[in-house]
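I have placed the structure first, in the form of structure tokens, so that the comments after it can refer back to it.
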Amino acid sequence: MSFDIALWLVQDGVTNGAIYALLALAMLLVFAVTRVIFVPQGEFISYAALSLALLQAGRLPGVVYVLVGGGLVAAALDIALALREKAPARLPRIVALYVLVPCVMAALAWWAAPRSVGLPLQVLIVLGLVVPLGPILYRVAYQPLASASVLVLFIISMAAHYALTGLGLVFFGGEGLRSEAFSDARFKLAVLDITAQSLWVVGASFVLMFALRLFFEKTFYGKALRATAVNRIGARLVGIPAELSGSLSFLLAAFIGAVSGILISPITTIYYDTGFLIGLKGFVGAIVGGMGSYPLAVAGSIGIGLLEAFSSFWASAFKETIVFTIIIPVLLWRSLRSRHIEDEEE
Amino acid sequence: MKHRLFTALALAGSMAAGSAYAEITIGVSLGSTGPGASLGIHYKNAYQLMPKTLGGEPVKYIIIDDASDPTNAAKNARKLVSEDKVDALMGSNGVPSAIQMAQVAAEAKTPMMVLTPAILSPAVAHWSFIVPQTTELMMGAIAEQMKAKGIKTVGYIGFSDTWGDLVLKATEFHAQAAGYKVVTNERYARADTSVTGQVLKIIAANPDAVIVGGSGTGGALPHVALVEKGYKKPIYHNHGTVNAEFIKVGGKAVEGAVAVTGPLIVPEELAANFPTKAMSLDFTRRYEASFGAGSRNGFAGYAYDGYLLLNAAVPEALKKAKPGTPEFREALRGALENVKNLVGTHGVYNMSAANHNGLDERARVPVQVQNGTWKLMK
């Protein structure tokens, strides 16, 4: 292998690794706060990427139906709870959050679809369509069983994953889509021919990571999430509602997923079920990083990206095998080194 | 009110009477969800265009989804033969799924229309009829194209699944006769976000041409990556790739891509004396009328040709036995073997005991992406 090829592969690996790193962060965040292994993370990628491609093609993305329908279910659950607890004062807020927001976003998408409104607005609309799905998913699927064991929560995740993939097939169809590149520019750097899109991916990922760090260190809600991650009961005792932190972490996870989807949709063809595999690699990255430390998860994910790039050069038929097999030695090593912690401390 | 009740009763009565007649039951398993859904949906659509009769008798198609999973396909096939006592099986859109179904069909002594170019063991093949062109037949057209251009070395990149294996095997099958050598065997998955590694390896080997063994939009990823990395020589595709979505996804990068396909993709451009012109044109028009302009594809045609073959064989079988009996299934198998000169949407079928596919060179046409659409190569 020549030096140029190695450089190319590094560039490719870092671009993909940056996406995996974002997803690994979202996985870690959700796991630390809610103990949910967030399998449906990948669906947000597919939903966002396909919605963007459809908007660019002048069609209304089917995700609006998922959004409005899911919002109605979430609202119905919350309204029933409010009425049972005789707290009608909560009703306006519930309706505003779960009915009004989705309907407004759907209307906006419906308005924007036939017009070419430009990329920035299209990206904002896609975020507005996909991000609210996070809290809605939490409300409908997870909140009723939020205190269940990790295993039960994991099974809910699998169910949510299958349900969302199925809805994706219904609303997006089986064929893949690819959106237009943010810019066609290319930069020459020694032997490398770097596309602006890959710079976008890496740049946006690192900006987002930095923003997340600021959010957790400086803001009130960020600190509340960190407190919940450190000690769930303690956080509840000092008055941080479990529903709020759950909902907030899902909102962030959905946001990260949607951003990843928007970033990669011009690089590759996205299918309704592509997101799962990308999310899974983010999960592998998080595991390589020990499923506890954010910087290690980022390093682990970049490592996965590089491993993938090099194995696709040397042994492309075994690429996935190599990437997923890496979990076994990592887990072995970690379980030998760290003492076993009971996850059911409550 | 009373009148309406009477009508309903009469209707129910006539339906009950109808089922007492010889109704033919066809069991179909398709992967209309799961990884193969993009193809499975087209196959499933074709059943909406089929008439309500088969060989003049009323027919019932039982279509079940196998989620593109071979184990499910086998389960579906078992359920269809044991519970529904189907007279014939049809399916599925993945090669591994179809092989599993054919196995069950052979055990249950039920004729089966295999809707993918699967390769079956002789014992299983006795009961199965392969509707699509073999990959060898199709890639033969690509080999001819390459021979005409004097291509000596070929880089291969295909799916890391059975389809990737089949296209590679067919490419190597013609290598000696057409005078080329396959120099790389790279693999990728439909859901991959990047094929940079594989493409770099091909460019390093610098072959005279590249053959892509993908299907549908999945074929676009390596093509676009090759063009982006500055590969300027011809890139060839197989018949699984030919649809409008491929061009939509590939954009300008796939302009000039050459592929082989069944005649029903370009029926308007076929010569007036092309044997399948009328049939291909009629099917493509009806399909696009129902499922939108530009929705034409080869996959729906396979399901429809499966129907046409059964339609031709059923009258013969009915002379010997009644539907729903083992004798009818045996007679249907025999009649299918004797179908001669049947014009389908993909080609002309001439079945025999030794050849359960029966297609020839008339079932393939070379096509090229020109100005954003697939055009027949003259």
message: Take the residues in the range B:45-55 that are surrounded by fewer than 21 Cβ atoms within 10 Å (Cβ to Cβ) and touching a residue at least 60 places away in the same chain (Cβ under 8 Å); name whichever of them is nearest to B:ASN243 (Cα to Cα).
response: B:ASN45
field: Test for B:ASN93: is it open to solvent by 10 Å² or more (accessible area, probe 1.4 Å), under 24 Å from B:PHE246 (Cα atoms), touching a residue at least 40 places away in the same chain (Cβ under 8 Å) and not hydrophobic (A, V, I, L, M, F, W, C)
entry: yes
query: Has the range A:274-290 got any residue that is over 30 Å from A:SER2 (Cβ atoms), in a loop (DSSP other than H, G, I, E, B) and not β-branched (Val, Ile, Thr)?
result: yes
message: One residue is enough: does the range A:144-158 have a residue meeting the conditions farther than 26 Å from B:GLY214 by Cβ and of a type in the set (Phe, Trp, Tyr)?
response: yes
query: Before we move on, is B:ALA67 open to solvent by 20 Å² or more (accessible area, probe 1.4 Å), of a type in the set (Gly, Ala, Ser), at pLDDT below 95 and not assigned by TED's automatic domain parsing to the domain that holds B:SER160?
result: yes
task: Collect the residues in the range A:282-292 that are open to solvent by 10 Å² or more (accessible area, probe 1.4 Å) and in contact (Cβ under 8 Å) with a residue 60 or more places away in the chain, keeping them in residue-number order.
output: A:PHE283, A:MET291, A:GLY292
Elements of type helices (runs of 4 or more DSSP H) in the range B:159-247, at least 1 residues being within 13 Å of chain A (Cβ to nearest Cβ) and over 17 Å from the mean Cα position of the chain (by Cα): B:162-173, B:196-205, B:220-228
task: With respect to B:LYS75, determine if the residue is open to solvent by 50 Å² or more (accessible area, probe 1.4 Å), away from chain A (no Cβ under 14 Å) and either polar (S, T, N, Q) or closer than 29 Å to B:LEU318 by Cβ (or both).
output: no
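Could you list, in sequence order, the residues of the range A:108-129 that are part of a helix (DSSP H, G or I) and farther than 16 Å from A:ALA204 by Cβ? Lay out the reasoning, then the answer.
Pass one, the range A:108-129, residues part of a helix (DSSP H, G or I): A:108-112, A:119-129.
Within the range A:108-129, A:LEU108, A:ALA109, A:TRP110, A:TRP111, A:ALA112, A:LEU121, A:ILE125, A:GLY128, A:LEU129 meet the criteria.
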message: Can you find a residue that is of a type in the set (Phe, Trp, Tyr) and within 14 Å of chain A (Cβ to nearest Cβ) anywhere in the range B:251-274?
response: no
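Going by the structure shown, is B:ALA22 in contact with an Asp or Glu (Cβ under 6 Å, 6 or more places away or on another chain) and surrounded by fewer than 24 Cβ atoms within 10 Å (Cβ to Cβ)?
Details: in contact with an Asp or Glu (Cβ under 6 Å, 6 or more places away or on another chain): yes; surrounded by fewer than 24 Cβ atoms within 10 Å (Cβ to Cβ): yes.
Taking the combined requirement at face value, the residue satisfies it.
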task: Starting from residues that are basic (Lys, Arg) and under 28 Å from A:ALA21 (Cβ atoms), keep the ones in the range A:213-244 and report whichever is least open to solvent (accessible area, probe 1.4 Å).
output: A:ARG232
statement: Selection from the range A:8-50 of residues surrounded by fewer than 22 Cβ atoms within 10 Å (Cβ to Cβ), part of a helix (DSSP H, G or I) and more than 10 Å from every other protein chain (Cβ to nearest Cβ) yields A:VAL10, A:VAL14, A:PHE31, A:ALA32
field: Of residues in the range A:262-315 being polar (S, T, N, Q) and in contact with a strand residue (DSSP E or B) (Cβ under 8 Å, 6 or more places away or on another chain), the one nearest to the other protein chains (Cβ to nearest Cβ)
entry: A:SER312
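The values are calculated or read from the model by the stated rules, or taken from the named source; none is laboratory data. Quick caveat: nothing in here was measured; it's all calculated off a predicted structure. FYI the Cβ positions are ideal-geometry reconstructions off the backbone, even for glycines, and counts take in every protein chain you see. Ligands, DNA and RNA are excluded from the accessible area calculation, which covers all protein heavy atoms including side chains. Shrake-Rupley method; radii C 1.70, N 1.55, O 1.52, S 1.80 Å.
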